[in-house]
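S.K.: Sharing a structure with you now.
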Amino acid sequence: MYRLVCVSCGAEYPPDEIIYHCRKCGHLLAVQYDLTDLEIDPAVWRSRPLSVWRYKELLPVTIPPVTLAEGGTPLYHLERLGKSMGLRHLYAKHEGMNPSGSFKDRGMTVGVSMALQLRRTSVACASTGNTSASLAVYGAKAGIPAVVLLPAGKVALGKVAQALMHGAKVISIRGNFDRALEMVHDLCISHGLYLLNSVNPYRLEGQKTIGFEAIDQLGCVPDRFVLPVGNAGNISAVHKGLIELVALGLIDRYPMMTGIQAAGSAPVVRAIEENLPEVIPEPHPDTVATAIRIGAPVNAEKALTAIRKTGGLAASVTDEEILKMQRDLARIEGIGVEPASAASVAGVRKLVTEGRIDRDEKIVCVVTGHLLKDPETVIRQCEPPIEIDADLPSLLSALHL
Ligand code: F0G
């Protein structure tokens, strides 16, 4: 049993109402379960495969889900990279290993399942890329049409390729992500498409399982979760999941929720640093990490609460720091991620250097999307292949042998 509850005024709505904002105060809604009614046996959870659906008692879907085996992503111990920063317990949860190559699949398996449960016949989103790729994939699996709005010229190649190949109707708008989100919201309200951006409370339910899995894999509660922040849905979702685990008595403390943004697109960081009650939108966000190029994060209110209530931190990293960490993850740990994902680990490096993170902490960085999402940014950073004549002497000479 669950209902939708306004995160600000607490107004309640029935779970089958298609609603994205509170009618009384305009704030976002969250799914609230009757935790006292739930029978959750951690041994039963552990007996199921590691996946989003291991935790189905804490998910809103009651029909057979639209699934492609999402979640169950690896948690890597970053031994060498951690050592270079003086950290012994640095981990990366590689969400790029999901079916479409990003954490969005956790949200979409739940969100698109809910679209069917609520008898919607089409789905839509605005996206910096990954959400659109994921929605296209899950729309295809569900057999319903998907419409995606992208900021023209600002979406990494792999993500556009996925949205197109999986058959979404792909629209590029001459405007940024924040504008695309406003437009798709209006479209969904006026024409009944089911909106699957992170204003959708059900989608975020799937994303909270990142935290559940990391705790299961680590065998304990980490001291800190570090996430890249764009629209701020993911950090809020993971925090919500942890609140539920605490309420159920399954964990007894909160990791410090830590959000990392790109320096050119950092309204949440600014709000934390300047202790503002709410974020001031950044009108011209810009960063090489196009996935998190968002100036007006719609989930900012929840993210600020998550960071403040858990004694967490927020920090921004420059594009150079992001790209350096992308290369270090690739070359020192063998982990290929897109720039936005490298931001979380780059943030840790910065915070450790500044002495704001204790070197004994157990830290889980969420690396959110796969390297191949943005091949152009990869190629730009690397030397091109050495082309030679097809004979052995040329090969030996190219290898300086
Ligand atoms: N990392 C990646 C790779 C992303 O694609 C996103 C968001 C984030 C981090 C930030 O997550 O928005 O929940 O704070 N991408 C969205 C999209 C906005 O449209 O694909 P957030």
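S.K.: What is the one condition in (1) of a type in the set (Val, Ile, Thr); (2) closer than 21 Å to Val52 by Cα; (3) open to solvent by less than 10 Å² (accessible area, probe 1.4 Å) that Val269 does not satisfy?
M.R.: Exception for Val269: condition (2).
S.K.: Separate question: Against the definition (away from the ligand (no atom under 11 Å from the Cβ), over 19 Å from the mean Cα position of the chain (by Cα) and either of a type in the set (A, V, I, L, M, F, W, C) or surrounded by fewer than 24 Cβ atoms within 10 Å (Cβ to Cβ) (or both)), how does Pro99 come out, yes or no?
M.R.: So Pro99 does not fit the description; no.
S.K.: Filter the stretch 9-36 down to the residues that are outside any strand (DSSP E or B), touching a strand residue (DSSP E or B) at 6+ places or on another chain (Cβ under 8 Å) and in contact (Cβ under 8 Å) with a residue 40 or more places away in the chain, then identify the one that is farthest from Ile63 (Cα to Cα).
M.R.: Out of the qualifying residues, it is His27.
S.K.: Cβ contacts < 9 Å: first residue in contact (Cβ under 8 Å) with a residue 40 or more places away in the chain, restricted to the stretch 175-188; second residue basic (Lys, Arg), any location; separation 6+ or different chain. Result?
M.R.: Asn176/Lys154; Asn176/Arg293; Phe177/Lys154; Phe177/Arg293
S.K.: So Met183 passes all but one of these: (1) open to solvent by 50 Å² or more (accessible area, probe 1.4 Å); (2) aliphatic (A, V, I, L, M); (3) closer than 24 Å to Pro49 by Cβ. Which condition number does it fail?
M.R.: (3)
S.K.: Being open to solvent by 60 Å² or more (accessible area, probe 1.4 Å) and either within 12 Å of Ala262 (Cβ to Cβ) or among the aliphatic types (A, V, I, L, M) (or both) is the filter here, so list the residues in the stretch 319-339 that pass it.
M.R.: Listed by number, the residues that qualify are Glu320, Glu321.
S.K.: I need the helices (runs of 4 or more DSSP H) fully contained in the stretch 177-272, keeping only those with at least 3 residues that are aliphatic (A, V, I, L, M) and within 15 Å of the ligand (Cβ to nearest atom).
M.R.: 177-191, 233-247
S.K.: For the stretch 146-170: of the residues being in contact with a strand residue (DSSP E or B) (Cβ under 7 Å, 6 or more places away or on another chain) and surrounded by fewer than 17 Cβ atoms within 10 Å (Cβ to Cβ), which is nearest to Glu182 (Cα to Cα)?
M.R.: Filtering the stretch 146-170 for residues that are in contact with a strand residue (DSSP E or B) (Cβ under 7 Å, 6 or more places away or on another chain) and surrounded by fewer than 17 Cβ atoms within 10 Å (Cβ to Cβ), the one nearest to Glu182 (Cα to Cα) comes out as Ala152.
S.K.: Continuing with the same structure: Which condition number does Ala133 fail, the rest of (1) within 14 Å of the ligand (Cβ to nearest atom); (2) within 19 Å of Thr290 (Cβ to Cβ); (3) out of contact with any helix residue (DSSP H, G or I) (no Cβ under 6 Å at 6 or more places or on another chain) being met?
M.R.: Every condition holds for Ala133 apart from (3).
S.K.: Moving to a separate point now. Going residue by residue through the stretch 58-68, is there one that turns out to be more than 25 Å from Ala30 (Cβ to Cβ), assigned to a loop (DSSP other than H, G, I, E, B) and in contact with a Phe, Trp or Tyr (Cβ under 7 Å, 6 or more places away or on another chain)?
M.R.: no
S.K.: Which residues, taken from the stretch 98-117, are assigned to a helix (DSSP H, G or I) and either over 21 Å from Val367 (Cβ atoms) or among the hydrophobic types (A, V, I, L, M, F, W, C) (or both)?
M.R.: Across the stretch 98-117, the qualifying residues are Met108, Val110, Gly111, Val112, Ser113, Met114, Ala115, Leu116, Gln117.
S.K.: Oh, and also: Taking the residues in the stretch 296-318 that are open to solvent by less than 40 Å² (accessible area, probe 1.4 Å) and among the polar types (S, T, N, Q) as candidates, determine which candidate is farthest from Val7 (Cα to Cα).
M.R.: Ser316
S.K.: Ok, one more. How many residues does the stretch 40-82 hold that are closer than 19 Å to Ile243 by Cα and of a type in the set (D, E, K, R)?
M.R.: Summing the residues that are closer than 19 Å to Ile243 by Cα and of a type in the set (D, E, K, R) in the stretch 40-82 gives 4.
Yes or no, residue by residue, for (1) in contact with a Lys or Arg (Cβ under 7 Å, 6 or more places away or on another chain); (2) within 27 Å of Ser134 (Cα to Cα); (3) among the hydrophobic types (A, V, I, L, M, F, W, C):
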{"residue": "Ala306", "(1), (2), (3)": "no, yes, yes"}
{"residue": "Gly311", "(1), (2), (3)": "no, no, no"}
{"residue": "Thr318", "(1), (2), (3)": "no, no, no"}
{"residue": "Ala330", "(1), (2), (3)": "no, yes, yes"}
{"residue": "Val337", "(1), (2), (3)": "no, yes, yes"}
{"residue": "Thr353", "(1), (2), (3)": "no, no, no"}
{"residue": "Asp360", "(1), (2), (3)": "no, no, no"}
{"residue": "Val364", "(1), (2), (3)": "yes, yes, yes"}
{"residue": "Thr368", "(1), (2), (3)": "no, yes, no"}
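S.K.: Here are some conditions: (1) without any contact (Cβ under 8 Å) to a residue 60 or more places away in the chain; (2) surrounded by fewer than 22 Cβ atoms within 10 Å (Cβ to Cβ); (3) at negative phi. Ala342 meets all but one. Which one does it not meet?
M.R.: Answer for Ala342: the failing condition is (2).
S.K.: Then there's this: For a quick check of your reading: which helices (runs of 4 or more DSSP H) sit entirely within the stretch 311-401 and have at least 3 residues that are of a type outside the set (Phe, Trp, Tyr), within 19 Å of Gly101 (Cβ to Cβ) and within 26 Å of the chain's Cα centre (by Cα)?
M.R.: By residue number, 319-332, 339-353, 375-381.
The values are calculated or read from the model by the stated rules, or taken from the named source; none is laboratory data. Bear in mind the structure is a predicted one, so any value in this text is a computation, not a measurement. Cβ atoms come from the backbone with ideal geometry, glycine included; neighbour counts cover every protein chain shown. Side chains included, ligands, DNA and RNA excluded: accessible areas come from the protein's heavy atoms. Shrake-Rupley method; radii C 1.70, N 1.55, O 1.52, S 1.80 Å.
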